[in-house]
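Reviewing the structure listed below.
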Amino acid sequence: MIEIKNVSQSYGRKEAKKTLSDINLTIRENKITALVGANGAGKSTLLGVLSNITPILSGTVTLGGRDVRKIKTQDVAKKIAFLKQSQQMSIRITVGDLVEFGRFPHCRGRLGQEDKRKVDESLEYMNLPDLRSRYLDELSGGQRQRAFIAMILAQDTPYIFLDEPLNNLDIKYSVEMMKIIQNLVTERNKTIVLVLHDINFAAAYANHIVAMKNGQIVREGCVKDVIKKEVLNTVFDHDFHIAECGGKNVCLYFDQVQN
Amino acid sequence: MEIKVGKQRNVRLIAVFAVILPLFPAACALYIYSRTYAKSLRLGLEITPAEFSSIMSRAVPGLLGMSAAAILIALVSLSFQTITQSRILTPSMIGFDSLFIATQTVLVFAFSTTGGLFESPYINYFISAGVMLACSMVMYRFILQSSGNNVIYLLMFGLVLSGVLENGSRYLQLLMSNNDYYRVQAATNVTVNNMNTSLVFLALPALLIISVLILYRHRTYNVMSLGAEQSQSLGVFYAKELNLNLIFIALGMSLATALIGSLTFLGLLAVNVAREILKTHRHFPLFIGAAVLSALALILGQSAVELLQGAIPVTAIINLVGCSYMFYLILRENRI
Ligand SMILES: Nc1ncnc2c1ncn2[C@@H]1O[C@H](COP(=O)(O)OP(=O)(O)OP(=O)(O)O)[C@@H](O)[C@H]1O
Ligand SMILES: [Mg+2]
């Protein structure tokens, strides 16, 4: 179980404006939690804090009841996999090499039979075997995104945190990606937290939504509780129009739509 | 498909090493030849066995010192590039060399009256290494981390630091007695020809320890080249690895500089040529390849200088080639 209590974070000096202030959050097991909010709200920072990558000013983050800062980095990496928002590479590697990196927490780079099997399986799962020996810089943005997700899958952790996994994916692949994420929860009992920019994807696929603004959680709850006009209007400072379609809430946010 | 590609890659590595590894003894032989028979042919004199062994007693420590320095420079340059995520920066470019000169100057200046103690090359080395370590920690903490790993800041800081230190050293040298001035010159103007041979015996065990420690971590370096955050999420304790590497870099650079003086562009040249011909991201072959190429460049260069009767020093040649290569890399990569 991952729980954060009274967490504050700030990038520059202590007096500087806080990126996260007094956040309390319990990650729901075997569920998809979506973090939503405007640019700069602190979603990526929160995800980094949850995976013990971004240092915090105060508060605690606990993993299975223990303070993550007291757990060995390698052991945290066996529990939590984290995908950054943007992946710039200073090196030129193939898809296969990248996915093999996912096994690092388990084998420190010395791949055994089991590790190779996991790598093959993750490539298969993300429909990538044909691209295995292609270099990442020769792939389309969406193919590259899938390769990174395959690396995360190879890491084989109960918790998976994805910062904007739908980056660069077209509609078909976005839906496919969300289905894969759903399957990970139902078939493999994973717990997933992801940052989504398209509020409708959160509405359609998440079990739990956390809405952030200015480093604080404005509202969290199930889809029906958060995908509401008054909530979204404050979170995004924008006028939303909520429509119903097949029993689900759909948000319309174009200026042309009149309420 | 994958197996084929994997094989092709290994074939490339084997082929490259099959070419460059035998070149190393060949380069050593050429160097010895250049210092013995080439000279005797030129002067038209016979070499007696006694003369030969007396030359050898200077040439062999020279070879060892050159190899040790070149290998250290290559290893720490590659690890530096991996932790800074840069393909162009090397420790010498951010002022490590000037730091060495400044430390030596200050040591002589401050202790000219007490003397003695700091003239032991070992104590002197450890003090310089300590100063370089402290400075690299400070630079890393305050410059790189506060600017989000922005290497441009580091480069600019290094540039300013070099300027300040060089001028400061020069000023102190003006204030010194002639005697002290010559001592500073002797400690800082080391070149391949007047190598500090007493340090060679410190260099060899240090080289061994540093290279074992670095090579042992080659898989960790592979992951670290994905960047700080991604490698941390893959289980690398990044802060610890970073500090460890700063120690390796300070120890390695101070030793190499004390041995053969300032060689700004050797690391850049060796590491990037190794990348270019090995075409891999794996650090194990890269470390070995860069180390061999670095030693080859220095020894072959020095042999050429001997054969050409020392028209220009080898450091000048390497810096010229390395500097042009750096321009090429900046233009090609379009980044630093
Ligand atoms: N490395 C950093 N150094 C300094 N400030 C940072 C850093 N990363 C983020 N910030 C600041 O912290 C705040 C929160 O950033 P964060 O990346 O968490 O936002 P976000 O919600 O993920 O936004 P986006 O939707 O644009 O990804 C922003 O004001 C940002 O400018
Ligand atoms: Mg973000």
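Could you name every one of the helices (runs of 4 or more DSSP H) located completely within the stretch B:156-238 that has at least 2 residues being within 14 Å of chain A (Cβ to nearest Cβ) and buried (at least 16 other Cβ atoms within 10 Å of the Cβ)?
Per the criteria, B:218-224, B:228-233.
Only one of B:Ser98, B:Ser86, B:Ser92, B:Ser77 is among the small types (Gly, Ala, Ser) and within 14 Å of another protein chain (Cβ to nearest Cβ). Can you tell me which?
Going through B:Ser98, B:Ser86, B:Ser92, B:Ser77 in turn, just one is among the small types (Gly, Ala, Ser) and within 14 Å of another protein chain (Cβ to nearest Cβ): B:Ser86.
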Under the condition of being surrounded by fewer than 20 Cβ atoms within 10 Å (Cβ to Cβ) and within 12 Å of ligand 1 (Cβ to nearest atom), which residue from the stretch A:26-53 is nearest to A:Arg188 (Cα to Cα)? A:Ser44
Could you go through the stretch B:250-271 and let me know if any residue there is within 14 Å of another protein chain (Cβ to nearest Cβ) and touching a residue at least 12 places away in the same chain (Cβ under 8 Å). yes
As an exercise: evaluate B:Arg87 against (1) surrounded by 21 or more Cβ atoms within 10 Å (Cβ to Cβ); (2) under 23 Å from the mean Cα position of the chain (by Cα) and give the number of the one condition it does not meet. (1)
Among the residues of the stretch A:146-177, what is the count of those that are away from every other protein chain (no Cβ under 14 Å) and either within 16 Å of ligand 2 (Cβ to nearest atom) or surrounded by fewer than 22 Cβ atoms within 10 Å (Cβ to Cβ) (or both)? 14
State all residues of the stretch A:41-76 that are aliphatic (A, V, I, L, M), away from ligand 2 (no atom under 14 Å from the Cβ) and touching a helix residue (DSSP H, G or I) at 6+ places or on another chain (Cβ under 7 Å); if no residue qualifies, say none. A:Ile56, A:Val61, A:Leu63, A:Val68, A:Val76
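Where in the stretch A:27-139 are there strands (runs of 3 or more DSSP E), lying fully within it, with 1 or more residues that are facing chain B (nearest Cβ under 10 Å) and within 24 Å of A:Val235 (Cβ to Cβ)? Spell out the reasoning first.
Details: elements: A:32-37, A:58-63, A:80-83.
Here the list reads A:80-83.
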Condition broken by A:Arg69, with the remaining ones in (1) under 26 Å from B:Thr84 (Cβ atoms); (2) away from ligand 1 (no atom under 16 Å from the Cβ); (3) buried (at least 20 other Cβ atoms within 10 Å of the Cβ) satisfied: (3)
Just to be sure, is B:Thr280 of a type in the set (S, T, N, Q) and outside any helix (DSSP H, G or I)? yes
Scanning the stretch A:140-168 for residues that are within 16 Å of ligand 1 (Cβ to nearest atom) and not in a helix (DSSP H, G or I), which turns out farthest from the chain's Cα centre (by Cα)? A:Asn168
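Of these, A:Ile209, A:Ile181, A:Ile192, which one is among the aliphatic types (A, V, I, L, M), under 30 Å from A:Ser122 (Cα atoms) and assigned to a helix (DSSP H, G or I)?
Values: A:Ile209 fails: assigned to a helix (DSSP H, G or I); A:Ile192 fails: assigned to a helix (DSSP H, G or I).
Criteria check complete, one pass: A:Ile181.
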Consider the stretch B:152-201. How many of its residues are among the aromatic types (Phe, Trp, Tyr) and under 20 Å from the mean Cα position of the chain (by Cα)? 1
With the requirement that a residue be within 16 Å of ligand 1 (Cβ to nearest atom) and of a type in the set (Val, Ile, Thr), what does the stretch A:176-199 give you? A:Val193, A:Val195, A:Ile199
Within the stretch A:1-18, can you find the residues that are away from every other protein chain (no Cβ under 14 Å) and within 12 Å of ligand 1 (Cβ to nearest atom)? A:Gln9, A:Lys17, A:Lys18
Please state which of the following conditions A:Ile23 fails to meet, knowing it meets all the rest: (1) buried (at least 20 other Cβ atoms within 10 Å of the Cβ); (2) within 16 Å of ligand 1 (Cβ to nearest atom); (3) within 24 Å of A:Leu166 (Cα to Cα). (3)
Across (1) more than 16 Å from ligand 2 (Cβ to nearest atom); (2) more than 25 Å from A:Leu153 (Cα to Cα), A:Ala38 clears everything bar (1)
Do we find a residue being modelled with pLDDT of 80 or more and under 22 Å from B:Ile318 (Cβ atoms) anywhere in the stretch B:42-53? no
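The values are calculated or read from the model by the stated rules, or taken from the named source; none is laboratory data. Quick caveat: nothing in here was measured; it's all calculated off a predicted structure. Positions of Cβ are backbone-derived with ideal geometry, glycine not excepted, and every protein chain shown enters the neighbour counts.
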